[in-house]
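**Student:** One structure follows; several queries about it will come next.
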Amino acid sequence: MSLLEVRDITVRFGGIVALDGLSFSIDEGQICGLIGPNGAGKTTMFNVVSRIYQPASGQVLYRGNDLVGARPRRLPLLGEVPFLGHQVGVPAHEIANLGIARTFQNLALFPSMSLLENVMVGAHSQGHVGFGRAITRIGTAKENRVTRDFAGDLLVQLGLGPLMFRPAAGLPFGTLKRLEIARALAARPSFLLMDEPASGLTHGEVDELGDTIVTIRDQFSLTVLLVEHHMSMVMSISDRVVAMEFGRKIAEGTPFEVQSDQRVIDAYLGTGV
Amino acid sequence: MKSLVTIHEGRAANWALRLVAGAAVIGVMLWVPTHGSNPLIDQFTNAFVLMAAAMSLNLLLGYTGQISLGHNAFFGIGAYATGIIVSRWGWSPLVTFPIAFIVAFVIGVLVSLPALRIKGIYLALVTLALGLVFPQFIKWRKLTWLTGGPRGLDNAGFNFSKKRRTYEIFGWNPFGDMRGQGAKPFYFWIAAGVVVITYLVCRGVVKSRSGRSLIAIRDNETAAAVMGVNLAGTKAMAFGISAGLCALPGCVSTILTNNVVPDSTFLSIAGSITFLIVMVIGGAGSLWGPIIGSGLYVFITQKTGDWSDEKNIPAIIRPFFSWAKTSPGTGIFAVTLIALMFVAPRGIVGVWHQHSPRLMRIVPRRAGTGTGTGTLVDTPVDDTVAGEL
Ligand SMILES: Nc1ncnc2c1ncn2[C@@H]1O[C@H](COP(=O)(O)OP(=O)(O)O)[C@@H](O)[C@H]1O
Ligand SMILES: [Mg+2]
């Protein structure tokens, strides 16, 4: 069974149709490239999965469960209660608990925090200390230590070890893109969505990033949905590629098939693929 | 950046530094109530009340980024909780603290419900309305049976007998002479206790997963939600805890004056503004900011308190204030505030963080288990931030 299945998703912003009946699916363990010209709707797709945008119609099935459709309202502790009506989709903050993590195209970091603290927030869904325990300090020291070490290890692995105590504000774009990956991994996800992780990197760094993505996929047993404009990287590491234009899927298949698809070539004409 | 002294967190030098700082604080705290003059004790006690209130606001505004101009209402809830319970029911003032906390917590959470959907200037307006309505609500005729109306409530603090009474611990007399209104050291300890509790609560929250989620909300709400932070629940808790904490100095204020009236400064909107100002001066979003800000505020208002008589103004600056008919204290404070906002937009603590690395740097403990990658131990740390003590 596929890990993620997107069925007929449509998203509108006023008159603009950002996603127009988009459907595709990703199998577990795959690296799936999602390509398309600017404005094709790739980031919008990410925001639908993150529950930031509510689609006008369609379904997003994650492990067979719909993330965006109406479902019985659930209460804390009590769970599903009859006669409480319905809520639309899974709340955004529960997505991380399901094992879905992402990075942001234009960076969504916590600028006043150090790199280490940024990654520690990334591990929020892994922690348990709420306000009551924080005030009484029951178990906070242990959780802080564990989270801190885990975050430190991730930063070291992504080559950010020496910078871990620096505030995120003011560091180069490429560095912060890597920080986004570290922060996303801190949630111990099983499904990672990366939105243009290679933007702001030099050519050498792009190749290195490709290796990193494959490494972390294997190490953390991830499924990866990768949006990227560096075609050589996408084509070399992806198991499958989905190509989009104007919110619709125009091609899908192995990197080779998609690369030689006439519609993909047309869509990218002039952008130098 | 080179610094004179480099201290590694967790090593002996770091502990020595903490010990010295802690001893200094404790030393002052012991000396003032036992050897200080009555006005000095008063000054500290008043500063403590302001400190606790500013710290509670700091948790909400400084750390979570949710503005509140209605904290005078939570302060007032504390003040009236003590007033009503002591004056009407005759309970001990000390038991009013937890009750005040709970009442203010619940009301804080309720107030936060509309606040969860609004931000910035709109949130400021909603909370401002709360702050403005509170004194009027207290004076509402139909509530006079409870709140005492505009005249407030008397006999709302400790009721000591006229007889001289002291509690000595091995010849040391920490509470002073507890009779009538003469229990200044005793009040000092109550106010200090509230500050310590507030500080410990704030510190516990800030240095935990929950505290990190507060700062995450302040820095980037969307990203915080994607990391799994329940925005509504977390903001509601921040509001509740902040409101509950703000009620505690309210209780103290009633105990200090032995009465409570709806028009006293901190119960009106001026209270909220004062909490806000001292927090910003000291440094929003830092644990020590409100403490330093309140200390400075009380110091300046005290120093300039008798300046309405021109003779009391120090000769050097007297020419600047010869036009003033009333005490120029507020004016001086306003000018200080404006000047500070230019040179230190992040408050006094911000200045410290900016310049202290030249003097002293505390290198945080390396994070990571060092397993897997061999690079951990010998990677030099590029730059570090000085940690708070
Ligand atoms: N929040 C928004 N409000 C209005 N229009 C939006 C919003 N987000 C995306 N869009 C529009 O949706 C379309 C798809 O954008 P996007 O998903 O960012 O494309 P991509 O990531 O593929 O470059 C664009 O036309 C964009 O202008
Ligand atoms: Mg995009």
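The values are calculated or read from the model by the stated rules, or taken from the named source; none is laboratory data. Note that the coordinates shown come from a computational prediction; the quantities given were computed from them, not determined experimentally. Using ideal geometry, Cβ is built from the backbone for each residue, glycine included, and neighbour counts are taken over all protein chains shown. Surface accessibility is based on the protein's heavy atoms, side chains included, excluding ligands, DNA and RNA. Shrake-Rupley method; radii C 1.70, N 1.55, O 1.52, S 1.80 Å.
**Student:** At a probe size of 1.4 Å, how large is the accessible area of B:K311, to the nearest 10 Å²?
**Tutor:** Probe radius 1.4 Å; accessible area of B:K311 about 150 Å².
**Student:** Show me the three semi-axes of the equivalent ellipsoid for the stretch B:1-44, from the C-alpha gyration tensor (sqrt of 5 times each eigenvalue), largest first, rounded to whole Å.
**Tutor:** Result for the stretch B:1-44: semi-axes of 33, 12, 6 Å.
**Student:** Also, I was wondering about something else. Go through B:K184/B:K303; B:K139/B:K311; A:K177/B:K119; B:K119/B:K184; A:K142/B:K119; A:K177/B:K235 and tell me which ones have a Cα-Cα distance over 31 Å in this structure.
**Tutor:** As for pairs spanning more than 31 Å Cα to Cα, those are B:K139/B:K311; B:K119/B:K184; A:K142/B:K119.
**Student:** How high is the relative contact order of the stretch A:22-104? Use alpha-carbon pairs under 8 Å, at least six apart in sequence, and give a whole percent.
**Tutor:** Computed over the stretch A:22-104, the figure is 19 percent.
**Student:** For peptide B:197-206, how many partner chain Cβ atoms fall within 10 Å of a residue's Cβ, on average?
**Tutor:** Values: counts 1, 0, 0, 3, 4, 1, 3, 9, 4, 1.
Per residue, the number of nearby Cβ atoms from other chains is 3 on average.
**Student:** Evaluate E = 1/(1 + (r/R0)^6) for A:Q87 and B:S356, where r is the Cβ-Cβ distance and R0 equals 45 Å; express this FRET efficiency to the nearest 0.05.
**Tutor:** Working: r = 49 Å, r/R0 = 1.09.
Working from the Cβ atoms, E equals 0.35.
**Student:** To continue, here is another question. Specify whether the C-alpha gyration tensor of the stretch A:138-209 places it in the rounded, prolate or oblate class, a ≥ b ≥ c being the square roots of the eigenvalues: rounded for a/c under 1.5, otherwise prolate if a/b is larger than b/c and oblate if not. Could the numbers behind the result be given before it?
**Tutor:** Details: a/c = 2.48, a/b = 1.70, b/c = 1.47.
Taking the square roots of the gyration eigenvalues as a ≥ b ≥ c, the stretch A:138-209 is prolate.
**Student:** Is the shape of the stretch A:17-165 best called rounded, prolate or oblate, per the rule: a/c under 1.5 gives rounded, else a/b larger than b/c gives prolate, else oblate, with a ≥ b ≥ c the square roots of the Cα gyration tensor eigenvalues?
**Tutor:** On the way: a/c = 2.39, a/b = 1.24, b/c = 1.93.
Oblate shape, in that a/c is at least 1.5 and b/c is the bigger or equal ratio.
**Student:** Now a separate question. Give the dimensionless ratio obtained when the Cα radius of gyration of chain A is divided by 2.2 N^0.38 Å.
**Tutor:** Numbers: Rg = 19.4 Å, N = 273, 2.2 N^0.38 = 18.5 Å.
Compactness ratio reported: 1.05.
**Student:** Let me ask something else about it. Among the complete DSSP H segments of chain B, which ones combine at least 18 Å of alpha-carbon extent along their axis with a mean Kyte-Doolittle hydropathy of 1.0 or more? Mind dumping the intermediate values first?
**Tutor:** Values: long enough: B:12-35 (33 Å, 1.22); B:38-57 (29 Å, 0.98); B:71-89 (26 Å, 0.66); B:96-115 (28 Å, 2.33); B:120-139 (30 Å, 1.69); B:184-206 (32 Å, 1.51); B:231-257 (40 Å, 1.34); B:269-282 (20 Å, 2.46); B:289-303 (21 Å, 0.75); B:329-343 (21 Å, 2.26); B:347-359 (19 Å, -0.14).
Qualifying helices, which must be both long enough and hydrophobic enough, are B:12-35, B:96-115, B:120-139, B:184-206, B:231-257, B:269-282, B:329-343.
**Student:** Evaluate the relative contact order of chain A (contact order divided by residue number), counting alpha-carbon pairs under 8 angstrom at least 6 apart; express in whole percent. Can you show the working numbers first?
**Tutor:** Values: 504 pairs, mean separation 69.5, N = 273.
Over chain A, the number comes to 25 percent.
**Student:** Can you list the HN-Hα couplings for the stretch A:100-112, worked out from phi with the Karplus curve (6.51, -1.76, 1.60; θ = phi - 60°), rounded to whole Hz and with x for Gly and Pro?
**Tutor:** 10, 10, 8, 10, 10, 4, 9, 6, 9, 9, 9, x, 7
**Student:** How big is the accessible area of A:Y53 in square angstrom, nearest 10, if you roll a 1.4 angstrom probe over the protein chains?
**Tutor:** Its accessible surface works out to 70 Å², give or take rounding.
**Student:** Mind putting a number on the dipole of the protein assembly as shown about its Cα centre? Charges go on the C-beta only, +1 for Lys and Arg and -1 for Asp and Glu, and I need it in Debye to the nearest 20.
**Tutor:** Around 2960 debye, computed over the protein assembly as shown.
**Student:** Under the rule a/c < 1.5 gives rounded, and otherwise a/b versus b/c splits prolate from oblate, where does the stretch B:192-239 land using the Cα gyration tensor?
**Tutor:** prolate
**Student:** Oh, and also: Thinking of chain B as a set of Cα atoms, what percent of all their pairs are more than 26 Å apart?
**Tutor:** The share of Cα pairs beyond 26 Å in chain B comes to 59 percent.
**Student:** Under 10 °C and 1.306 mPa s, how fast does the protein assembly as shown diffuse according to Stokes-Einstein, given a Kirkwood radius computed over C-alpha pairs? Answer in µm²/s, whole number.
**Tutor:** 57 µm²/s
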